[in-house]
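I have placed the structure first, in the form of structure tokens, so that the comments after it can refer back to it.
The values are calculated or read from the model by the stated rules, or taken from the named source; none is laboratory data. Bear in mind that the values here come from a model prediction, so they are computed numbers and not experimental data. Reconstructed Cβ throughout: ideal geometry from the backbone, glycine too, with neighbour counts over all protein chains shown.
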Amino acid sequence: MFATYMNSLRESMSRRVALVLFGVAILVAIAFNAVMHVRTAGDGAKMIFVGMQPPMPPAIGVPSVLESELRATGSLWLLLALFAATPLLTATLEKGWLELTFSKGTARWRIFLGRYLASLTLYSATFVLATLPVALRLWWTTGIGTWRMGMALLIQTFSFAALLAVAALVTLPQKGVALPLIGSVAIWVLSPSLALRQETFYRIFSSHVVRGIVDWAYRILPKCSELEDLCVSYIQRGTIASSWPVWSTGVFTLAVLGTTLWALERKSF
Amino acid sequence: MTSPAVEVRDLGKTYRTLRGTAVSALDGVSLRVEPGTIFGLIGQNGAGKTTLIKILLGLGTPTAGVARLLGSSPRDPAARRRVGYLPEQMRLPDYFQAKNFLRYMGRLNGVDRAAMERRIPALLERVGLGDVRKPVKAYSKGMQQRLGLAQALVSDPEVLFLDEPTDGLDPLGRKDVRDLLVQLRSEGKTIFLNSHLLSEVELVCDRIVILNKGKVARAATPDEFTRGTGEYLVRVAVADDAARAAAAAVAGDRKAEWEQNTLRIAPRDRAQLNSLLDRLRSVPVEIEAVEPVRLSLEDFFLQVVSGEEP
């Protein structure tokens with residue numbers, strides 16, 4: 001599995017997707033650093049300036065900047081990384097490559113899992129690269145710990161892991177990148193509407209049966225929007241109000257990934 | 001009795017179309033490949049060769065029967081670690097250098113790093129890529145095929161499955177591959193060869209199976225396939241009227257046809273052939289060559305698949 005993991009990272013570099021992600025991450029980091037300044041006022045107190053906003057004291061400014069950064073990059077990074085990582089999964093089953101790798105003495109599920117984990121690493125590494133410089137700079141200049149950002153990134157990774165698992169599952173019965181991408185993006189798009197189903201679906205559907213289905217869809221599917229809200233509230237308050245979005249998304253990811261690997265092992269090519 | 005490297009008993013594979021129609025790709029196939037031999041599998045397109053190989057490598061699942069690879073199920077990764085495979089259609093990702101590619105293939109087969117670092121240079125030399133210093137994406141079809149062979153050998157396997165190994169190679173390259181196969185056999189490797197180039201199969205294989213419409217149509221040694229037809233070709237210097245008359249006198253009711261200076265004759269026995277030769281010499285006719293007519297593997301194959309079984 002480690003060999004496949006390393007090879008997938010190398011492949012992502014060669015496909016330029018990792019380079020693009022790293023490039024965008026550096027640009028995002030530069031942009032956020034450019035609009036944010038920490039200056040010392042006349043009374044010696046430090047103040048944080050972000051764009052045209054009024055200056056904020058560090059106790060308010062640090063979480064505020066981190067929250068803005070997370071809000072701005074969270075969804076963007078999910079989508080960018082999905083577009084980058086899905087071809088890594090579908091390439092596993094390309095004719096001519098599948099025969100070479102799956103005929104070797106390594107179980108298929110290990111090969112596929114190696115690629116999944118490499119994709120997850122790619123996402124995490126580039127997301128950290130995009131957001132870490134600002135967090136480090138804030139910590140360095142204000143002395144206020146920004147480690148909550150790390151926890152928030154970890155929570156956000158749950159969303160990506162779940163969407164990538166969906167893409168992995170959709171990869172199996174067909175060829176090409178389009179359907180896995182559509183599947184995972186559709187779930188991501190649906191996520192806020194399901195979280196606020198009383199204001200969205202309930203207004204459209206009055207049937208108890210349909211509402212029941214919507215409720216179950218909410219319970220089962222990954223809770224991307226709630227996870228993002230959770231990240232923000234964690235940065236602000238340092239506590240996790242409800243672990244439900246985290247563990248239910250984790251269970252979904254494990255179930256979908258487990259099903260994918262099981263089906264891959266049984267699949268006849 | 002040694003256990004076979006590959007054994008297949010009553011193997012069947014049936015696909016279902018979207019409309020639910022059953023399509024049989026393999027039907028009751030049984031065969032056995034002894035260790036240290038070169039086994040040839042031939043058949044038309046769609047005969048079921050690739051399906052059979054996929055099942056033997058754990059890529060496909062049979063719907064009936066049993067397939068054993070080195071005494072184990074092909075689904076067992078431990079069994080596949082002792083096997084090398086060169087697929088017919090191979091996709092080499094262009095980001096690889098030859099050595100990186102071989103390292104990755106070796107790692108998938110559980111070869112440890114130290115052994116691989118020792119083995120790879122020799123292996124590249126063996127397949128004729130020792131001096132090549134360019135990325136895989138710049139390889140010609142022939143070079144890719146050679147690299148494919150190298151990856152099949154990287155784990156020093158006991159059994160090699162080669163699907164069209166000479167595809168894309170020039171005549172010299174094909175000869176190199178033939179020599180390599182013979183050399184590997186002498187090292188005790190078992191080779192399962194699938195090729196459309198029947199002349200090559202005939203040259204190197206110890207046993208050949210013809211697969212036709214998913215069934216084993218014939219299984220024999222190349223000698224059995226290419227046995228004599230009972231006819232002889234007698235080539236003379238000048239086929240004049242005297243020579244033709246002498247031949248007709250001896251042949252009697254046996255088939256004897258002239259084509260320019262060559263007489264194709266089906267004598268009753270060797271004595272009749274010798275009588276013919278004596279008679280021709282007495283004319284006198286100068287005899288340049290006498291050779292038995294043998295069926296080529298291609299002739300035999302064509303007869304089998306067209307239903308005109310010899």
Sole residue being without any contact (Cβ under 8 Å) to a residue 60 or more places away in the chain, outside the structural domain of B:Ala25 (by TED's automatic domain parsing), surrounded by 20 or more Cβ atoms within 10 Å (Cβ to Cβ) and not β-branched (Val, Ile, Thr), chosen from B:Ala242, B:Ala247, B:Ala237:
B:Ala247
Out of the residues in the stretch B:72-95 that are more than 7 Å from chain A (Cβ to nearest Cβ) and in contact with an Asp or Glu (Cβ under 9 Å, 6 or more places away or on another chain), state the one that is farthest from B:Asn194 (Cα to Cα).
B:Arg75
Being surrounded by fewer than 18 Cβ atoms within 10 Å (Cβ to Cβ), more than 14 Å from every other protein chain (Cβ to nearest Cβ) and of a type in the set (Val, Ile, Thr) narrows it down to one residue among A:Thr131, A:Thr141; which is it?
A:Thr141
Checked A:Lys223, A:Lys267 against criteria (within 14 Å of chain B (Cβ to nearest Cβ), surrounded by 13 or more Cβ atoms within 10 Å (Cβ to Cβ) and of a type outside the set (A, V, I, L, M, F, W, C)); the one match is A:Lys267
Just one of A:Thr106, A:Thr126 is outside any helix (DSSP H, G or I), surrounded by 18 or more Cβ atoms within 10 Å (Cβ to Cβ) and in contact (Cβ under 8 Å) with a residue 24 or more places away in the chain; which is it?
A:Thr106
Helices (runs of 4 or more DSSP H) enclosed by the stretch A:198-247 - at least 3 residues per element that are of a type in the set (D, E, K, R)
A:208-220, A:224-237
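For every residue, the table says whether it meets (1) in contact with a strand residue (DSSP E or B) (Cβ under 9 Å, 6 or more places away or on another chain); (2) assigned by TED's automatic domain parsing to the domain that holds B:Gln44; (3) surrounded by 19 or more Cβ atoms within 10 Å (Cβ to Cβ); (4) at positive phi.
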residue	(1), (2), (3), (4)
B:Asp94	no, yes, no, no
B:Gly106	no, yes, yes, no
B:Gly110	no, yes, no, yes
B:Arg126	no, yes, no, no
B:Gly148	yes, yes, yes, no
B:Ser155	yes, yes, yes, no
B:Glu158	yes, yes, no, no
B:Pro165	yes, yes, yes, no
B:His196	yes, yes, no, no
Of the residues in the stretch B:27-52 that are touching a helix residue (DSSP H, G or I) at 6+ places or on another chain (Cβ under 9 Å) and of a type in the set (A, V, I, L, M), the one that is nearest to B:Asp206 (Cα to Cα) is B:Ile38
Matching residues in the stretch B:96-110 - criterion: being within 9 Å of chain A (Cβ to nearest Cβ) and outside any helix (DSSP H, G or I)
B:Phe96, B:Asn109, B:Gly110
For the structure I just gave you, tell me whether B:Thr61 is more than 17 Å from B:Pro165 (Cβ to Cβ), of a type in the set (S, T, N, Q), in contact with a strand residue (DSSP E or B) (Cβ under 9 Å, 6 or more places away or on another chain) and within 13 Å of chain A (Cβ to nearest Cβ).
yes
So, A:Ala25, is that one over 21 Å from A:Thr171 (Cβ atoms), buried (at least 19 other Cβ atoms within 10 Å of the Cβ) and in contact (Cβ under 8 Å) with a residue 24 or more places away in the chain or not?
yes
